[in-house]
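Just so you know, all these numbers are worked out from the coordinates, no wet-lab data involved. Being a predicted model, the structure only gives us computed values, none of them experimental. Cβ coordinates were reconstructed from backbone atoms using ideal geometry, including for glycine residues, and neighbour counts include every protein chain displayed.
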Amino acid sequence: MSKNADVNAEDSRGRTPLHIATLQGNTEAVVQLLSKSDTELNKADKRNTTPLLLACLYGKIDIAILLINKGADLTVYDDNYDTTLHIAFNEGYKKIARKIIEKAKETGKLKEILIEKNRDGVAPIHLAVRGGHKELVQLSLEHVLKDDDSDDDDECVVNYGGGENDDTPLHEACSAGHLEMVKMLLEKGAKINVTNRDSETALHHACKQNHQIVAEFLSENGADIRAKNDEELTPLQVATNSGSFETIIGLLDRHRNLNTSLTTSDNQDTASELLKWAATENKANTLQLLLHHGTKLHGLSDDEIAEFVLDAAKKGHTETVAALIRWKRSDVVNTCDDMGNAPLHYASEAGHDLTVQELIKALADVNDTNFYEAHEQTPLHLAAANGWIRTVKQLLKANARVDKTDLYEVTPLHLACKNGHIDMVKLLVCEAKADIVLRDKQGLNCLDYAIDNGHE
């Protein structure tokens, strides 16, 4: 420099001596360069990176502080639109971040820099919360909230949405499980039930990530446990889908008196609704938790449990069927609907052989007939009519009567012939020794059924 060298000369990457000195951590060289009045402090290289951005990225703390004190532009951003504060928070350099915050406060740009979004829509405040930098977030909010007279919650830093789903700082804190951060944000005015673009609350996020203590704290402080996201799922349902079993138990423990503290608008018990949903959606692990949990769920009647079993049997939800019948060891397995169909009828009709196996194991009556309106048929009639080989084998192994007749004296073999299930006919005749000469009330035998229905 004593020879009047160009202090702003650029290399092939567009980097000046100040860039290079910063990268190498050469504090003495940086001091000398900054002493020259013609040194361009905010010169950007070909990647749109200034010396301060480099100092933030590579953790050159002393140099970053020198550059900031010299007046380096705090609002510059790189090709990803990351500002100095984005980078400092993202890389975890708290000393640099603190210095940027203090300087931005002095220049009146703190709010601007806290909510400046990068290419991903994420602001520094979100990164700070995500990283658990509670002291720096608190310092920032204390400074900016004093000067923030905005009534628009979307523009208020503490409720500012960002990222792909427009998550607020509270969403970020709950996703990361930072309980103390959550407490501080609420103290600073964060709205506990604010939703993101997917209509998810902070409680949804805590439940999704199985942050039990955070979820419990939110529920105790006014979080809506009934709030539904865009998929119509409550926080407890989100917890179920995510396997957040500790959180489910924790929330239920916090609300023992479910009938009074967790009621929906139509006065239905939220926990009972969760049980019904878990049974309907085949969430067997959560279902077992709910059934064995010490709540008022134990007041469910046999009829209600039977309804769940019937629905699960129709859908082939074997795990759910098993959980329900093992918990309620009464004759619920043989309870039927208004057509006289028991769970085994529905599982057999649909060919859910694993479900059939579970029901048989629970001593379901394999020769039970449904009501007059349904022709007084057995599960074997229904399975044979639909050609379910494995299901029929299981029923026969459990001593289902192969020649049992229905209201019209029709046998399973008649139905198999009627519908053209040749393999079923072979099974019933050759292995189960079904009587091929039996006739129905109209005098038709199995051969007549096959011919009359074009299965010659």
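Structure data summary
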| quantity | calculated |
| --- | --- |
| Added length on full extension, which subtracts the Cα-Cα distance from 0.36 nm per residue, residue 282 to residue 254 | 7.6 nm |
| R0 of 22 Å, Cβ-Cβ distance residue 6-residue 112: FRET efficiency to nearest 0.05 | 0.05 |
| The chain - mean residue ellipticity at 222 nm from DSSP helices (-39,500 (n - 2.57) per run, n ≥ 4, rounded to 500) | -14000 deg cm²/dmol |
| Segment residue 187-residue 375, length gained on full extension (0.36 nm per residue, minus Cα span) | 61.0 nm |
| Extension reserve of the residue 447-residue 397 stretch, reckoned as 0.36 nm per residue once the Cα distance is removed | 15.4 nm |
| Cβ-based exposure ranking for 184, 424, in which fewest neighbours within 10 Å come first | 184, 424 |
| Exceeding the 18 Å Cα-Cα cut-off - candidates 208/276; 36/70; 276/314; 46/103 | 208/276; 46/103 |
| Per-residue Cβ neighbour rank within 10 angstrom, fewest leading, 77, 58, 372 | 372, 58, 77 |
| Label corresponding to Rg and Dmax of the Cα atoms in Å when calculated from the structure given, among [x] 34.9, 119; [y] 21.9, 72; [z] 24.7, 82 | [x] |
| Ascending count of other beta-carbon atoms within 10 Å, so fewest first, for 446, 56, 156 | 156, 446, 56 |
| For the stretch 424-431, 3J(HN,Hα) per residue [Karplus equation, 6.51 cos²θ - 1.76 cosθ + 1.60, θ = phi - 60°, Hz, x = Gly/Pro] | 5, 4, 4, 4, 5, 7, 7, 9 |
| Mean Cβ neighbour count within 10 Å, used as a protection proxy, ranking 38-48, 394-404, 16-26 highest first | 16-26, 394-404, 38-48 |
| Debye intensity ratio in log₁₀ form over the Cα atoms of the stretch 166-229, taken at each q of 0.14, 0.18 Å⁻¹ | -0.29, -0.50 |
| Amide hydrogen neighbours beyond the local backbone of residue 340, cut-off 5 Å, H modeled | 371 |
